[in-house]
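Just below is one structure, and these are the notes that go with it.
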Amino acid sequence: MLTIILSPLFFLTALALFGAGAIGSLFLQKNDKVTNWWSNSFAVLGTALGLCFSSAAIYAGKEYDFMIGSSPFSLLSFSFHVDLLSSFFIFAISLIGVFCSVYAFGYVTHYYGKYQLGTLGFFYNILFLSLFLVVSSANALFFLIAWELMSIASYFLVVYDRNDPANIKAGSLYLVMTYVGTAFIILAFLFLYKYTGSFDFSAIASGIALVPQSVKNAIFIFALIGFGIKAGIIPLHIWLPAAHPAAPSHVSALMSGVMIKTGIYMMMRLFLDILQPVPLWWGETVLVIGAVSSLLGVLYALTEHDIKRLLAYHSIENIGIILLGLGSALIFYTLGVPSLALLSFIAALFHTINHAIFKSLLFLSAGSVINEVHTKNMEEYGGLIKYMPSTALFFLIGSMAISALPPLNGFFSEWLTYQSLFQGITSFHYSLRWIFVLAASSLVFTGGLALMCFAKAFGAIFLARPRSGEVLHAKESAMPMRVAMGLLSIVTIFFGIFSGYVTRFLEQIAASLDIFHTTTSFVSVTPKLGLLLTDGFARVSAPVILGFFAVVFGIVVISVRFLVNRKQKIVVGKTWDCGTTLGPRMEITSTGFARSIILVFKSVLKPSLQREVRYHDEQSRYFSHSGKVSMHVIDMYQQYFYEPINTMINGLSLRVKNIQGGNINVYISYIFIALIISLYVVL
């Protein structure tokens, strides 16, 4: 059985299932119910096969190289290279894909009769197909085809709810930023081809010594911009908070959980595998970008009242945490400390899979709430724990995980990241040490602000009293949606408690890269499933933490039940309300909750308060009828970077359009001049 699963045919069957799911969705789109079951069933089957294939490949430590057919173009081959790093990302895509597709069985029913589900099912399956191809392509041109397919499929999913103009605008912004990123990626690949004479990744890696260092530096910058746009690093992030909320919630979970990780995959592939050796400043740059993205991502999340935009900004934050691990790995390896580089890379991989799990759980939970309350504005929620208790529990688990609370999975990947940063502080000279100090400080602030942000989110959504009539009519999610969220919650807990076993598998994946083949691991797994640094600097154990919490909880419950309250009588009475009626107006809002921290960082966030007061009449100047206070935060990158660029491009376009005079002879001369310049460059 294992031999069958490990066959490349098993992987290709998963691709064929996605293709069948996509094409079948178009043919069956006249019946919404049939289309729903067809598209999502094939998505579940394809991702389940991908999950089996990648798990078996990681367990057996096998790599694959195979080709489909032969290309008539000498530079393009439909060739695949599936090593352990590719298998890891296929595992992440498949794991999240299974749960998102199960969730979709119940979620997409609210689109019945509103939109054609065939379109949704087609692009949904194409997105899975392209994601598999992106992380398994062995040829740069084949990779670009898969990358383009992924971008187009995700664009049409973002604008699927086309009745909302904001969704169309978000999709357009996403498409523009995607093609800007693709242009930089193409430039990087063309430079590599010029000096190595091949688009094959293995041939490029073998001939990388032929590439001058100045050209490698340019390739690094192009790749960082191109793949950084897809990953959503700051300041290339502006499409992400707009596009993720616009997409259907199960698609948002897929995009945030795994699609943006394709940018991380290619950074890992290029910087740690293909372009080695690399200069020190590459790692320092990645580390600084990670620190800035993590801190500013969570700060902007705190200002949000749109639940899906809040989660989208947290994706930027967690991408920053992943880059802290990747940047540390590059620095350690460049300075000749491969064991610490391996530790940092394991931390980056661990947080990559952890973020995929808990962020998907949060997006699916948010989608369930939005589906019932029909708004993304958290100010109109409140009290939903009484109407959607299961969803509240699942959102709470995701919130604890993303806030890095033990013993859930987010804690242990951040713990490994902390250890790699601390090792950098203790290992290097003064100037480099301070870079690690600042990176560690940003991670500390990020963790505290993330906890505050999700205390705000959970409290505003599920606690207190309902703040709108829609909440009173809310009911628990459909069974497929609850099953998907429940299973993701179990996986979140599992990856935390068994973090020792997970780390061991991740170490196997990291060590499969050529630069780590002979590297001794800096972290070991204790008999109690704990993590221990080999120098004895730190250790942690999930089962011990879980046992400690269980004992403390038991002691508190027993003490309160049998000692403190043993002779007390419970009396139920009305709460003193100061002579007024208790209502939603007396609750603290998400705006009020975050206001203090926003004012602390006002130099960065640039908040502005807007007050609106209504009076009974013009004479009653001192007795208001109602009042409203709102806080608006400016995205400084939008205002100070993108808007000036937009203004400059519009002005340049107005001038350039003058060359379009309508004279065909002039147009022919343009073509002739372009041809002469092209021949000169080629020859």
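The values are calculated or read from the model by the stated rules, or taken from the named source; none is laboratory data. Bear in mind that the values here come from a model prediction, so they are computed numbers and not experimental data. We place every Cβ from the backbone using ideal geometry, glycine too, and count neighbours over all the protein chains shown.
Among the residues making up the range 194-226, those that are touching a residue at least 12 places away in the same chain (Cβ under 8 Å) and hydroxyl-bearing (Ser, Thr, Tyr) are TYR195, THR196, SER202. Taking the numbered list (1) touching a helix residue (DSSP H, G or I) at 6+ places or on another chain (Cβ under 7 Å); (2) under 16 Å from LEU463 (Cα atoms); (3) not aromatic (Phe, Trp, Tyr) in turn, ASN377 passes all entries but (1). Selection of the range 16-28 for residues being buried (at least 19 other Cβ atoms within 10 Å of the Cβ) and part of a helix (DSSP H, G or I) yields LEU17, PHE18, GLY21, ALA22, GLY24, SER25.
Sort out which residues of the range 253-262 are closer than 15 Å to ILE322 by Cβ and buried (at least 23 other Cβ atoms within 10 Å of the Cβ), and write them in order of number.
Restricting attention to the range 253-262, the residues satisfying the condition of being closer than 15 Å to ILE322 by Cβ are 256-262.
Matches in the range 253-262: SER256, GLY257, VAL258, MET259, ILE260, LYS261.
Take the conditions of a type in the set (A, V, I, L, M) and more than 20 Å from VAL278 (Cα to Cα) and apply them to VAL215. Does it pass? So VAL215 does not fit the description; no. Only residues that are surrounded by fewer than 16 Cβ atoms within 10 Å (Cβ to Cβ) and under 28 Å from the mean Cα position of the chain (by Cα) were counted in the range 509-523, giving 1. Answer yes or no: is there a residue in the range 451-463 that is hydrophobic (A, V, I, L, M, F, W, C), assigned to a loop (DSSP other than H, G, I, E, B) and closer than 17 Å to GLY410 by Cα. Checked the range 451-463: no residue is hydrophobic (A, V, I, L, M, F, W, C), assigned to a loop (DSSP other than H, G, I, E, B) and closer than 17 Å to GLY410 by Cα.
Apart from one condition, GLY336 fits all of (1) in contact (Cβ under 8 Å) with a residue 40 or more places away in the chain; (2) within 29 Å of GLY207 (Cα to Cα); (3) of a type outside the set (Ser, Thr, Tyr); the exception is (1). Within the range 241-271, the residues that satisfy the criterion of being among the small types (Gly, Ala, Ser) and over 14 Å from SER86 (Cα atoms) are ALA242, ALA243, ALA246, ALA247, SER249, SER252, ALA253, SER256, GLY257.
Between VAL437, VAL369, the distinction of being within 25 Å of ILE598 (Cβ to Cβ) and either in the same structural domain as ALA291 (by TED's automatic domain parsing) or out of contact with any Pro (no Cβ under 7 Å at 6 or more places or on another chain) (or both) belongs to VAL369 only. Within the range 273-285, residues that are part of a loop (DSSP other than H, G, I, E, B) sit with their Cβ atoms under 9 Å from residues that are modelled with pLDDT under 90 and of a type outside the set (A, V, I, L, M), at 6+ positions apart or across chains, in these pairs: GLN276/ASP514. No other residue among VAL98, VAL108, VAL135 is among the β-branched types (Val, Ile, Thr), under 23 Å from the mean Cα position of the chain (by Cα) and farther than 21 Å from ASN40 by Cβ apart from VAL135. Of the residues ALA538, ALA542, ALA550, ALA484, the single one that is over 27 Å from SER390 (Cα atoms) and either of a type in the set (A, V, I, L, M) or surrounded by fewer than 18 Cβ atoms within 10 Å (Cβ to Cβ) (or both) is ALA538.
Checking the condition buried (at least 21 other Cβ atoms within 10 Å of the Cβ), touching a Phe, Trp or Tyr at 6+ places or on another chain (Cβ under 8 Å) and not hydroxyl-bearing (Ser, Thr, Tyr), which residue from LEU396, LEU449, LEU408 passes? Can you show your working first?
Numbers: LEU396 fails: buried (at least 21 other Cβ atoms within 10 Å of the Cβ); LEU449 fails: touching a Phe, Trp or Tyr at 6+ places or on another chain (Cβ under 8 Å).
One residue alone meets the criteria, LEU408.
Note on the range 343-390: residues that are over 30 Å from TYR418 (Cα atoms) and in contact with a strand residue (DSSP E or B) (Cβ under 6 Å, 6 or more places away or on another chain) total 1.
If you check LEU149, LEU141, LEU157 for being buried (at least 23 other Cβ atoms within 10 Å of the Cβ) and assigned to a helix (DSSP H, G or I), only one passes: LEU157.
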